[in-house]
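Undergrad: One structure is given below, represented as structure tokens, and several questions about it will come after.
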Amino acid sequence: MAFPSAPFALWSVSLLTVLFTAAVHSNTSFEDDPLQPMTSDETVPVGGTVTLTCRVAESDNSSLQWSNTAQQTLYFGEKRALRDNRIQLYRSTSTELSITISEVQLSDEGEYTCSIFTMPVRTARATVTVLGVPGKPQISGFEHAVKEGEKVTLTCTSTGSKPPATLHWYKGDQLLKGGPQVVETVDGNPTYNVSSELTLEVSASDDNTLITCAVNHPSLSPGDKRSEQALRVLYSPNVMIHPESTLPREGEKFSLRCVGNGNPEPTIYTWDKKDGGLPLQAKPDGAVLHFSMLNKSDNGVYVCHADNGIGSSEGEYTLLVQDPTAMSTTSGVDHAVIGGVVAVIVFILLCLLIVLGRYLIRHKGTYLTHEAKGSDDAPDADTAIINAEGGHSGAEDKKEYFI
């Protein structure tokens, strides 16, 4: 087998070095070479549209060309080279060639090359990163209601993300700390499946509380994809007793109602009385205790027990039967007090009216006294008449004086 001579080998290596150097000029800036094309890396979610732009600072009338990751020509100037309707010409000038790729797929990811056919050929590369959009998270692990004090484990799973999504747990608006996130690859697919677990010890206050799993990913806006799971907690009843009247009176009918707030609602109610059994007049009817006629002997503490199958609780009510006679006397005293207050107010108003009347009468009497002064001093009737006539002129003088 013949081997090439040493001079020929050196010449071949030199030629390859020159060609390689001419092809790799993507890091050269406009300032160093105005004909060097410039591009930028782009990131786009699956199903989105990406725009690839290639520019040069100056033009020598050479054409710009875009090639895909397989080095297939997409556009040569304004001319389409690849039959793919997703790829469209956006702008073509002597210094720019821009194209768009719509409905981007994961297979579109990679390096795209922009070339300008000068001597030597200059190229620049743009890396397109395609984001796999995660699916809506699914919450599992909660099929039936749980008793208060027990623990429940929920699992949240989201598929199809690239890079792997991050899962967050919320209880209402409160951020919770879940377990370590598990990331799994998908065979034959560059996406990932992620999952996270959350373990909670539930209480009665957690009944109907929403647990939320939210996905965080660069392809999504905050809160775009989340799922909710309402907790259902079984808990013992909280018992309260409500009286029919706040003033139970002797000789009247009366009842106590037992209210048990639990999940499920209580179905079994029992009544008793501390320090003794129920009075003969007291008849229990489920959640209600009826008294046909109250008596002083009915006084005491009554207890209601409520059971819902999860647990039982009790509530108490202290019954104090009132004497109707004493209550009537008290009512009469109240009316007497009200009447006394009204009488005082009326008396004050009358005093004010009397003072005001005396003030008005005094001022009016002074004026009349001055007007009839001549008539009062006359020794007989004729003189009084003359003085009265003279008084008219005096009145006119007074009018002028007052004016």
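The values are calculated or read from the model by the stated rules, or taken from the named source; none is laboratory data. In this text, all values refer to a predicted model and were calculated from it rather than measured experimentally. All Cβ positions, glycine included, derive from the backbone under ideal geometry; neighbour counts span all protein chains shown. Note: areas computed on protein heavy atoms with side chains; ligands, DNA, RNA excluded. Shrake-Rupley method; radii C 1.70, N 1.55, O 1.52, S 1.80 Å.
Undergrad: For the peptides 220-229, 313-322, 112-121, 156-165, what is the packing order when you average, over each peptide's residues, the other Cβ atoms within 10 Å and list the highest mean first?
TA: Values: 220-229: 13.9, 313-322: 15.9, 112-121: 17.7, 156-165: 21.5.
Result, highest mean Cβ count within 10 Å first: 156-165, 112-121, 313-322, 220-229.
Undergrad: If you wrap the stretch 90-132's Cα atoms in a convex hull and average its projection over all directions, what's the area in nm²? Mind dumping the intermediate values first?
TA: Values: hull surface 14.8 nm².
Approximately 3.7 nm², given one-decimal rounding.
Undergrad: Can you figure out the FRET efficiency of Leu278 with Ser245, using R₀ = 22 Å and their beta-carbon distance, to the nearest 0.05? Mind dumping the intermediate values first?
TA: Numbers: r = 19 Å, r/R0 = 0.87.
It comes out at approximately 0.70.
Undergrad: Between beta-carbons, use under 11 Å as the cut-off and find the net charge around Gly260, counting Lys and Arg +1, Asp and Glu -1. Each step should come with its number before you reach the end.
TA: Values: positive: Arg257; negative: Glu265, Asp307, Glu314.
Charge balance in the 11 Å sphere: -2.
Undergrad: Tell me, what % of the accessible area of the stretch 236-319 is carbon and sulfur with a 1.4 angstrom probe? Kindly include the intermediate steps, with their values, before the conclusion.
TA: Working: 2270 of 4590 Å².
Whole-percent figure for carbon plus sulfur exposure: 49.
Undergrad: Over the stretch 38-131, with a single point scatterer placed on each C-alpha, what log10 of the ratio I(q)/I(0) does the Debye formula yield at q = 0.18, 0.26 1/Å?
TA: Each listed q corresponds, in turn, to -0.73, -1.48.
Undergrad: Multiply the residue gap between Leu360 and Met119 by 0.36 nm, knock off their C-alpha separation, and tell me the result in nm, one decimal place.
TA: Numbers: separation 241, 0.36 × 241 = 86.76 nm, distance 12.16 nm.
Stretched fully, the Leu360-Met119 segment lengthens by 74.6 nm.
Undergrad: Pull out the extension gain between Ser297 and Arg80, defined as 0.36 nm times the separation in residues minus the alpha carbon to alpha carbon distance; nm, one decimal.
TA: Numbers: separation 217, 0.36 × 217 = 78.12 nm, distance 10.43 nm.
Value of the extension gain: 67.7 nm.
Undergrad: Can I ask one more? Filter Lys147/Lys283; Lys253/Lys274; Lys151/Lys274; Lys151/Lys171; Lys147/Lys274 down to the pairs with a C-alpha to C-alpha distance above 27 Å, please. Walk me through the numbers before you get to the answer.
TA: On the way: Lys147/Lys283 34 Å; Lys253/Lys274 21 Å; Lys151/Lys274 38 Å; Lys151/Lys171 15 Å; Lys147/Lys274 31 Å.
Among Lys147/Lys283; Lys253/Lys274; Lys151/Lys274; Lys151/Lys171; Lys147/Lys274, the Cα-Cα distance tops 27 Å for Lys147/Lys283; Lys151/Lys274; Lys147/Lys274.
Undergrad: What nm value, rounded to one decimal, do you get for the distance between Leu350 and Glu252 when each label is placed 7 Å out toward the C-beta?
TA: About 3.8 nm, to one decimal.
Undergrad: Which net charge results when you count Lys and Arg as +1 and Asp and Glu as -1 among the other residues whose beta-carbon is under 12 Å from that of Leu294?
TA: On the way: positive: Arg249, Lys253, Lys296; negative: Glu244, Glu250, Glu252, Asp298, Asp323.
After counting each charged neighbour, the total is -2.
Undergrad: Of the GluC sites (Glu not before Pro) in the stretch 94-128, which ones lie in a loop per DSSP and count no more than 15 other C-beta atoms within 10 Å?
TA: On the way: sites: Glu96, Glu103, Glu109, Glu111; in loops: Glu103, Glu109.
Sites meeting the loop and neighbour criteria: Glu103.
Undergrad: More than 23 angstrom separation, counting every C-alpha pair in the stretch 138-231; what % is that? All intermediate terms of the calculation are to be shown ahead of the outcome.
TA: On the way: 1149 of 4371 pairs.
Cα-Cα pairs of the stretch 138-231 separated by over 23 Å account for 26 percent.
Undergrad: Give, as ranges by residue number, the residues of the stretch 230-260 whose backbone N falls under 19 Å from the point 7 Å along Cα→Cβ of Glu150.
TA: Answer for this model: 230-238.
Undergrad: For the stretch 212-277, take the alpha-carbon Rg, divide it by the Kirkwood Rh, and send me Rg/Rh. Could you put the intermediate results ahead of the total?
TA: Details: Rg = 24.1 Å, Rh = 17.1 Å.
Using only Cα positions, Rg/Rh for the stretch 212-277 is 1.41.
Undergrad: Also, quick follow-up: Contour minus end-to-end for Glu316 and Gln174, with contour as 0.36 nm per residue of separation and end-to-end as the Cα-Cα distance? Before the final figure, lay out the partial values.
TA: Working: separation 142, 0.36 × 142 = 51.12 nm, distance 3.67 nm.
Residue separation times 0.36 nm, minus the Cα-Cα distance, leaves 47.5 nm.
Undergrad: Add +1 for every Lys or Arg and -1 for every Asp or Glu among the other residues with Cβ under 13 Å from the Cβ of Glu111, and state the total. It would help to have the intermediate numbers written out before the result.
TA: On the way: positive: Arg125; negative: Asp41, Glu42, Asp108, Glu109.
Net charge around Glu111: -3.
Undergrad: Could you compute the FRET efficiency for Asp32 and Gln181, with r as their C-beta to C-beta distance and R0 at 60 Å, rounded to 0.05? Walk me through the numbers on the way to the answer.
TA: Working: r = 46 Å, r/R0 = 0.77.
That gives a FRET efficiency of 0.85.
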